[in-house]
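Report on the following structure.
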């Protein structure tokens, strides 16, 4: 028989935002339940080396998420391996239905479902993810000191990533499938003036080339969109910067969204357009998208939820 579970605070998602919210909510004696979702640990579980988490000069992404989960449990949060398939925010208590058949009800909900980088969908890209293929220059740029890298994309993200990578790489090639960029004019000007940057117009990436042992990227094969002619561009790193997709499907018809489906929160808080529903981490953040900022927002969401519950009582 399908079970119904009630908690004061239900946390949906298990990246740095979700686990940090669980730590704070548990310490406030609210006995939170956290439902992990399809990818327990979130995007950090597909990152190998993390060198920008305070207190760890370097740590493996999956190990960091295991530690966060253990911390949340040690504080008293209940962590459940399940996936929320539907969420009703029309009345309190809020109701969430899980894949297992369990129904969760809660007085407050913290959404921490994150976002996913958009990928090109190439088998070779998948093969070298974490071995030279990345979607985050601020996470991985440091590993390409003195090397050549390639970035694909044409918006602000791509230009920001390319400029950031000039701090480390000897050369940055930006590939774009059109003959002009979508990025802001001021960003474009900085890019075009930079001596380390070269732009390859009207090209798409066909394949990522690399070695097997040790596994690593050696070049990308670019194809001219009109002539079909291919060019191999030598590089040690390939950065995919074609945007991010926030995981907001659960709430897209219920909460106010902005900037391409990110959940909108009130400035300086994690409060969404529905009282008692809070959002944290990459689900709301189209600017920073870092583990440490997500964790900070998870803390804010738990404190906001506690305050909300206290006011209700």
Report task. Have a look at 255, 303 and point out the one that is assigned to a helix (DSSP H, G or I) and assigned by TED's automatic domain parsing to the domain that holds residue 20. Result -> 303
Requested in this report: Determine whether the range 38-48 contains at least one residue that is surrounded by fewer than 23 Cβ atoms within 10 Å (Cβ to Cβ), in contact with a strand residue (DSSP E or B) (Cβ under 7 Å, 6 or more places away or on another chain) and not assigned by TED's automatic domain parsing to the domain that holds residue 136.
Outcome: yes
Query raised in the report: When the range 105-129 is examined, which residues are found to be assigned to a strand (DSSP E or B) and under 17 Å from the mean Cα position of the chain (by Cα)?
Result: 110, 111, 115, 116, 117, 129
Query - From 250, 181, 209, residue being in a loop (DSSP other than H, G, I, E, B) and either surrounded by 14 or more Cβ atoms within 10 Å (Cβ to Cβ) or not assigned by TED's automatic domain parsing to the domain that holds residue 282 (or both) - result: 181
Query - The lone exception for residue 241 - which of (1) surrounded by 14 or more Cβ atoms within 10 Å (Cβ to Cβ); (2) over 20 Å from the mean Cα position of the chain (by Cα) it fails - result: (2)
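For the range 43-74, enumerate the residues that are outside any strand (DSSP E or B) and at pLDDT below 85. I'd like the intermediate steps shown before the answer.
The initial filter retains those residues of the range 43-74 that are outside any strand (DSSP E or B), namely 43-48, 51-58, 61-74.
The answer is 43, 44, 45, 46, 47, 48, 51.
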Query raised in the report: Name the residues in the range 212-238 that are more than 19 Å from residue 167 (Cα to Cα), surrounded by 17 or more Cβ atoms within 10 Å (Cβ to Cβ) and in contact (Cβ under 8 Å) with a residue 40 or more places away in the chain, would you?
Result: 217, 220, 222, 233
Query raised in the report: Only one of (1) part of a strand (DSSP E or B); (2) within 15 Å of residue 85 (Cα to Cα) fails for residue 8. Which number is that?
Result: (2)
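Just checking, how many residues over the range 181-203 are more than 24 Å from the chain's Cα centre (by Cα) and touching a residue at least 12 places away in the same chain (Cβ under 8 Å)?
First pass over the range 181-203, keeping only residues more than 24 Å from the chain's Cα centre (by Cα): 185-186, 188-203.
If we keep only those that are touching a residue at least 12 places away in the same chain (Cβ under 8 Å) as well, we get 188, 190-191, 194, 196-203.
Going through the range 181-203 one residue at a time, the tally reaches 12.
Tally up the residues in the range 89-111 that are touching a residue at least 24 places away in the same chain (Cβ under 8 Å) and either crowded, with 16+ Cβ neighbours inside 10 Å or touching a strand residue (DSSP E or B) at 6+ places or on another chain (Cβ under 8 Å) (or both), please. Outline the logic, then answer.
Filtering the range 89-111 for residues touching a residue at least 24 places away in the same chain (Cβ under 8 Å) gives 89-90, 92-94, 96, 98, 101-111.
With either crowded, with 16+ Cβ neighbours inside 10 Å or touching a strand residue (DSSP E or B) at 6+ places or on another chain (Cβ under 8 Å) (or both) added as a condition, the list becomes 89, 92-94, 96, 98, 102-111.
The total comes to 16.
What tally of residues in the range 153-169 results from selecting those that are in contact with a strand residue (DSSP E or B) (Cβ under 6 Å, 6 or more places away or on another chain) and not in a helix (DSSP H, G or I)?
Within the range 153-169, the subset in contact with a strand residue (DSSP E or B) (Cβ under 6 Å, 6 or more places away or on another chain) is 158, 161-162, 165-166, 169.
Restricting the remaining residues to those that are not in a helix (DSSP H, G or I) gives 166, 169.
Residues that pass the stated criteria total 2.
The values are calculated or read from the model by the stated rules, or taken from the named source; none is laboratory data. The structure displayed is predicted, hence computed values, not measured ones. Neighbour counts run over all protein chains shown; Cβ positions are idealised from the backbone, glycine included.
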